[in-house]
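Inspection log for the structure reproduced underneath, given as structure tokens.
The values are calculated or read from the model by the stated rules, or taken from the named source; none is laboratory data. Just so you know, these numbers come straight off a predicted model, no measurement behind them. As a convention, Cβ positions derive from the backbone with ideal geometry for all residues, glycine included, and neighbour counts pool all protein chains shown. These area figures cover heavy atoms from the full protein model, side chains too; ligands, DNA and RNA do not enter into them. Shrake-Rupley method; radii C 1.70, N 1.55, O 1.52, S 1.80 Å.
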Amino acid sequence: MRAFHRHLALMSWGVLLGVVLLHSLVSWELMQLAGEEKLVEPTAWFYYYIVTATTIGYGDLSPQSDQGRWVAILWLLPGGVTLFAMFIGKATTGLIDTWRRRAMGKHSYTAMGGHTVVVGWMGRDTLRTIDLLRQDSCTDDEGIVLVATEEMENPRPEEIRFVRLESLADPSAYARASVTAAARVIVNAASDEQTLAAAFAVLANKPRGHVVVTFDRSDTCAVLKAHYPQVECVLPLHVEVMVRAAQDAGSAAVAAELLSVAGGATQFSLRVPSECAGLNYGKLFNLFKHELGVTLLGYTAGIGAEPRLNPPDTDRVAANATLYYIADQRVDPARVKWGVCTS
């Protein structure tokens, strides 16, 4: 009885459906007692009940006797219209609650995969990160999920999904953002300590995608890479860019263009197929330049290895290495003819 009263007070969908069914059966029995033989046929009754309860009232079916009209006036119309209004109100409330949950970051996106997870809220910097990610369709096709702890609403509800956590250091909470199935994860919190804790929590979920973590100090980066060498750390480069711009005029503009996909040449990467046992870098450079119209910068042999930029033509590039190139847009891997593979 307590459970029944609780469901009745909340008017759950099950209770509402039961009340509608009971009201329809009682109305049907009363119409049958009133002699409305045409109305009580199953198909005709379902049609008449729905049309009447929704106040559409086509008029093609209606009670013919005085008793039937009194049943409609005193029982069917008041009850049907009230129940229909309750249905509309409950459905509307459910939609609003769902929208509010999503806006406040209370929803879970456990079914997502191949998406981008951005951990940490840094105001304009985070919004700029999202804008840059969305400029490249390769990193936005499966969607972006922002993870933060601040009391806030989704800053870009039309563009991204939002998950609010109690703590960025809680590994189990990241399941709501489906961090394990994400194609890439970016961690950038307010301080190095928070970023380190968030990074360890993310990596505890064993994400299959690439993880990028931003630090202010190189020693904090070293702590993380000692445990997870596959993680890519990003350190501030504003001093280096400033000095290079002073020594070589225009260097800052070149660096900005290489990092942005908004326009002009941009630096991208491409993985060498696993079936390629070895590649001659000189032949590979010519292939990319003359057949694809892009310029190779160099390559990274594997996880944790230092990039080799502008290497000699005689270098051998192994399978699963990462190539770095400059192009106006990302190269479709299907367009690359790996005829330079050697046994």
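Looking at the range 265-284, which of the residues that are of a type in the set (Gly, Ala, Ser) and under 33 Å from the mean Cα position of the chain (by Cα) is surrounded by the fewest Cβ atoms within 10 Å (Cβ to Cβ)?
SER274
TYR174 meets each of the listed conditions (1) open to solvent by less than 40 Å² (accessible area, probe 1.4 Å); (2) in contact with a Lys or Arg (Cβ under 9 Å, 6 or more places away or on another chain); (3) not hydrophobic (A, V, I, L, M, F, W, C) apart from (2).
If I ask for residues that are outside any helix (DSSP H, G or I) and of a type outside the set (Ser, Thr, Tyr), which ones from the range 63-77 would you list? PRO63, GLN64 - these are the residues of the range 63-77 that are outside any helix (DSSP H, G or I) and of a type outside the set (Ser, Thr, Tyr). Taken over the range 64-92, residues that are among the charged types (D, E, K, R) and under 46 Å from the mean Cα position of the chain (by Cα) amount to 1. Scanning the range 285-307 for residues that are β-branched (Val, Ile, Thr), touching a Gly at 6+ places or on another chain (Cβ under 8 Å) and surrounded by fewer than 17 Cβ atoms within 10 Å (Cβ to Cβ) turns up nothing. For the range 177-191, which positions are assigned to a strand (DSSP E or B) and open to solvent by 20 Å² or more (accessible area, probe 1.4 Å)? Answer for the range 177-191, where residues must be assigned to a strand (DSSP E or B) and open to solvent by 20 Å² or more (accessible area, probe 1.4 Å): ARG184, ILE186. Per the conditions (1) small (Gly, Ala, Ser); (2) within 23 Å of GLY304 (Cα to Cα); (3) more than 11 Å from the chain's Cα centre (by Cα), the sole criterion not satisfied by SER172 is (2). Residues in the range 77-105 that are more than 20 Å from VAL15 (Cβ to Cβ) and surrounded by 14 or more Cβ atoms within 10 Å (Cβ to Cβ): LEU77, ARG102, ALA103, MET104, GLY105. If the condition is being open to solvent by less than 60 Å² (accessible area, probe 1.4 Å), part of a loop (DSSP other than H, G, I, E, B) and more than 15 Å from LEU259 (Cβ to Cβ), then the range 123-150 contributes GLY123, ASP140, GLY143, THR149. Considering only the range 240-264, how many residues are within 27 Å of the chain's Cα centre (by Cα) and not small (Gly, Ala, Ser)? Qualifying residue count for the region: 3. Against the numbered list (1) of a type outside the set (A, V, I, L, M, F, W, C); (2) under 20 Å from the mean Cα position of the chain (by Cα); (3) more than 30 Å from THR295 (Cβ to Cβ), GLN194 comes up short only at (2). Does the range 242-258 include one or more residues that are of a type in the set (S, T, N, Q) and at pLDDT 90 or above? There is no residue in the range 242-258 that is of a type in the set (S, T, N, Q) and at pLDDT 90 or above.
Using beta carbons and a limit of 7 Å, which pairs, at least six apart or on different chains, have the first residue in the range 243-264 and of a type in the set (Ser, Thr, Tyr) and the second one open to solvent by 70 Å² or more (accessible area, probe 1.4 Å)? Note: pairs meeting the criteria are SER251/ARG244.
Considered as a group, the residues in the range 27-57 that are outside any helix (DSSP H, G or I) and among the hydrophobic types (A, V, I, L, M, F, W, C) include one that is surrounded by the fewest Cβ atoms within 10 Å (Cβ to Cβ), and that residue is ILE56. One residue stands out among those in the range 151-168 that are basic (Lys, Arg) and part of a strand (DSSP E or B): the one that is surrounded by the most Cβ atoms within 10 Å (Cβ to Cβ), which is ARG161. Note on the range 58-76: among residues that are open to solvent by 30 Å² or more (accessible area, probe 1.4 Å) and of a type in the set (Gly, Ala, Ser), the one that is modelled with the lowest pLDDT is GLY59. Identification of strands (runs of 3 or more DSSP E) wholly contained in the range 230-336 with 2 or more residues that are under 24 Å from LEU133 (Cα atoms) yields 232-234, 266-271, 295-300, 322-327.
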